[in-house]
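Report on the structure given below.
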Amino acid sequence: MLILLRQIISPTGVSHGRTFYNTIGERFSRIHGLRQRISHCSRKRQPSPATIDQRMALPGSRLNRNAAMVSSLINAGRIPKRSLCLCVRHARRPGLFSLLRHTSATCIIILLKTIVLQEPAMHRLKLMAVCLVTVLGNPMAWSSNDTAPAMACNNLMTTQAPETRLASAKFFMDHANLPPFCQVEGKIAERLGFVMRLPVDAWNGKFAVTGCGGFCGSLNPDKPGYSNSMNASLKLGYAVIQTDGGHQADSWDTDWAIGDQRALELYAGAWMPLAVASGNALLKQYYQDKPQRTYFSGCSNGGRLGMVAAQRYPRLFDGIAAGGAIFDLTGNAGIHGMWKLQTTHDENGGEIIDQDKLPLLTEHVMQQCDSLDGVEDHVISRPQLCQPALDSLRCSDTRPEACFSDRELTAIQLLYQGATVDGQALFPGIPPGSESLWSRWIVGTDENPAWGTRASEGNLRLTYGIPSNRPFNPHAYTLADEQQNLQRLAPVLNATNPDLSALAAAGGKLFYYHGLADPLILAGRAQQYHDEAAAVMGKEKLDQTARFFMVPGHGHCWEMPGQVADDFNPLVVIDHWVETGKAPDHVIAGMAQDASPNNRTRLLCPYPLTATFQGGDPDNAQSFRCQAADRQD
């Protein structure tokens, strides 16, 4: 504290008033939004005493709330009232005593600003230092029971946000190893449930909107990782909001949307402008400032929402990070979904492929295709070159165990092949190299179907208007006859428009990533979309607005433990692009913290470039270089 005081009153600080503000704000950042409030006040003209008195008379005024916050500290014995009065007297402005008549305390920022306006440079800096030291005391001593930050958070209940009904606002001091934050919950437009977390300390001035997975239907603010999650962003200083997509249900259920067009539209993406508007109102109330940047980050259905934002709401976000996106929902869950259900289940709904045999298939394919990229590193980086020969796995008299039946091998081959009618490919197939993840997404048991099975059925029930309490059999349909029906909801749900010129005109940026080992949402469709967009916009213009990264070995949105170096924060990537104006020409991915070993790194390249091994340690990103896939030099 003494060192800080010497810095403040030193002659070098006299000619750098703004530097003084930043120093003070950094030191006392635990006073609710102090750093932001100092910056905010330093940009605005100080109101007159009469104006202050008028504002104080308003029950919900900001000055009244700030004064109440300081009053709580006085009442708790953290701010000696005599010291505050002494500070006011030193300010030599009698009008400030009117503030004390109302609440016995006032906004520290108003007080300091008044001192700045009234005193010579050297003297005012000394006074400001004395005021901060004597009045604020030791703000770092706050505990979870402190009333000031809790009251500041609770005051958000008075926020007037468009179509928003707030249910709660609660301060968390020590929750899940997170920095202190204010959590607000409520509903927007009477349908859209949301939870928002606002950092108490060191807000970076940015607002992040997260997506929701599957068919949404719940709030999960403590979901770990980067996929439709809040906490990784909160730790970096972002204010974050998450929604339930406008309904409450299991993530594979679609009963809520049958016969309810508005519910379907909200889920499809109409909720995003509503959430941004409500979030901005809360930010303005809490920090007395609007966000400098607004971002979207989501994976899976959250990735689809990111693509919806890029195409339908190009001015809503400064940057969009979208991954593993089911942006062609009626194609992936409709056409491919029906193909998958008919391939993996018999007419009675029983599983065809034995889940317990999947490790055998995984190792067999890895042995055949690992080295196609020039290095054996237990990652299939070129799945498009992998054509697994499965005959050696067939059960026979000489191999009665650890083998697959003819029907199982046929089903596996059809999954790799993808939806096809009369020799025409309708949708890409499941990539080789993803087999270790099939047990979660593709191949379940009769008692516990895989999540992808549940979600595909949910989509088909929605398509045909069949609720979950009625029987449904995918084998009752012929894919060749159902293509038009399966695309019925495409105008509402899909985000397949390859023209991103509106996003480019708005100055927005899109960072897209997709796992090459994703068996649920197929990377082949994302590669098709990139090529379509490049054809419409031109590759150079597309690269200025959007970058697509294919991640070798990465499954679906980090939803299973990392088996390869695929750990990176998409929000950090898009934020860096927006702030610096430099598009990412590579990304370095690491291993998840709890992975073993966790010292591997991987070079990720913008599509269509791939990471080509140059020699050295294959577990080190420095051993690779981004280049065209057909280059060997």
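Which of the residues spanning the stretch 569-592 are within 24 Å of CYS557 (Cβ to Cβ), touching a residue at least 12 places away in the same chain (Cβ under 8 Å) and out of contact with any strand residue (DSSP E or B) (no Cβ under 7 Å at 6 or more places or on another chain)? Within the stretch 569-592, ASN569, VAL572 meet the criteria. Considering the conditions (1) surrounded by 16 or more Cβ atoms within 10 Å (Cβ to Cβ); (2) in contact with a helix residue (DSSP H, G or I) (Cβ under 6 Å, 6 or more places away or on another chain), VAL421 is excluded by exactly one of them, (1). All of (1) in contact with a Leu (Cβ under 9 Å, 6 or more places away or on another chain); (2) free of Cβ contacts under 8 Å to residues at least 60 places away in the same chain; (3) open to solvent by 70 Å² or more (accessible area, probe 1.4 Å) hold for ARG407 with one exception: (1).
When THR612 is tested against (1) in a loop (DSSP other than H, G, I, E, B); (2) more than 20 Å from the chain's Cα centre (by Cα); (3) not basic (Lys, Arg), just one condition goes unmet, and that condition is (1).
Does LEU571 satisfy being hydrophobic (A, V, I, L, M, F, W, C), buried (at least 22 other Cβ atoms within 10 Å of the Cβ) and over 24 Å from TRP438 (Cα atoms)?
On the way: hydrophobic (A, V, I, L, M, F, W, C): yes; buried (at least 22 other Cβ atoms within 10 Å of the Cβ): yes; over 24 Å from TRP438 (Cα atoms): yes.
Taking the combined requirement at face value, the residue satisfies it.
Within the stretch 354-385, which residues are of a type in the set (Ser, Thr, Tyr) and under 24 Å from ALA402 (Cα atoms)?
So in the stretch 354-385, the residues of a type in the set (Ser, Thr, Tyr) come out as 362, 371, 381.
Result: THR362, single match.
Taken together, the residues in the stretch 157-193 that are touching a helix residue (DSSP H, G or I) at 6+ places or on another chain (Cβ under 6 Å), within 23 Å of GLN248 (Cβ to Cβ) and part of a strand (DSSP E or B) amount to 6.
Scanning the stretch 207-226 for residues that are in contact with a Cys (Cβ under 9 Å, 6 or more places away or on another chain) and under 27 Å from GLU579 (Cα atoms) turns up GLY211, GLY225, TYR226. Taking the stretch 462-564 as the region of interest, the helices (runs of 4 or more DSSP H) fully inside it that hold 2 or more residues being touching a Pro at 6+ places or on another chain (Cβ under 7 Å) are 501-506, 523-537. Screening GLY334 on (1) farther than 20 Å from PHE404 by Cβ; (2) assigned to a loop (DSSP other than H, G, I, E, B) shows it passes everything except condition (2). Restrict the check to the stretch 398-406 and report whether at least one residue is under 33 Å from the mean Cα position of the chain (by Cα) and not in a helix (DSSP H, G or I). Scanning the stretch 398-406, I find no residue that is under 33 Å from the mean Cα position of the chain (by Cα) and not in a helix (DSSP H, G or I), so the answer is no. When every residue of the stretch 470-477 is checked against the conditions, none turns out to be over 18 Å from ASP253 (Cα atoms) and buried (at least 19 other Cβ atoms within 10 Å of the Cβ). Residue count for the stretch 313-330 under the criterion of being among the hydrophobic types (A, V, I, L, M, F, W, C), outside any loop (DSSP other than H, G, I, E, B) and out of contact with any Phe, Trp or Tyr (no Cβ under 7 Å at 6 or more places or on another chain): the result is 1.
For residues in the stretch 408-461 being among the hydroxyl-bearing types (Ser, Thr, Tyr) and not in a helix (DSSP H, G or I), which is nearest to the chain's Cα centre (by Cα)? Ranking the candidates gives SER434 first. Residues of the stretch 591-605 include at least one that is in contact with a helix residue (DSSP H, G or I) (Cβ under 9 Å, 6 or more places away or on another chain), buried (at least 16 other Cβ atoms within 10 Å of the Cβ) and more than 14 Å from SER381 (Cα to Cα).
GLY319 - would you say it is over 21 Å from LEU426 (Cβ atoms) and in contact with a Lys or Arg (Cβ under 7 Å, 6 or more places away or on another chain)? Against the criterion (over 21 Å from LEU426 (Cβ atoms) and in contact with a Lys or Arg (Cβ under 7 Å, 6 or more places away or on another chain)), GLY319 qualifies. Of the residues that sit in the stretch 182-211 and are within 19 Å of ASP575 (Cβ to Cβ) and among the aromatic types (Phe, Trp, Tyr), which one is surrounded by the fewest Cβ atoms within 10 Å (Cβ to Cβ)? Of everything passing the filter in the stretch 182-211, TRP203 is surrounded by the fewest Cβ atoms within 10 Å (Cβ to Cβ). Quick check on the stretch 276-298: of everything there that is open to solvent by less than 40 Å² (accessible area, probe 1.4 Å) and part of a strand (DSSP E or B), which residue is farthest from CYS182 (Cα to Cα)? Ranking the qualifying residues of the stretch 276-298, first place goes to GLY298. Within the stretch 361-397, if we keep just the residues that are of a type in the set (S, T, N, Q) and over 32 Å from the mean Cα position of the chain (by Cα), the residue that is surrounded by the most Cβ atoms within 10 Å (Cβ to Cβ) turns out to be GLN368. Residues in the stretch 233-266 that are in a helix (DSSP H, G or I) and open to solvent by 30 Å² or more (accessible area, probe 1.4 Å) were compared, and the one that is farthest from GLY213 (Cα to Cα) is LYS235.
The values are calculated or read from the model by the stated rules, or taken from the named source; none is laboratory data. This structure is a prediction, so every number in the text was calculated from the model and none was measured. Neighbour counts are summed over all protein chains in view; Cβ atoms, including those assigned to glycine, are modelled from backbone coordinates with ideal geometry. These area figures cover heavy atoms from the full protein model, side chains too; ligands, DNA and RNA do not enter into them. Shrake-Rupley method; radii C 1.70, N 1.55, O 1.52, S 1.80 Å.
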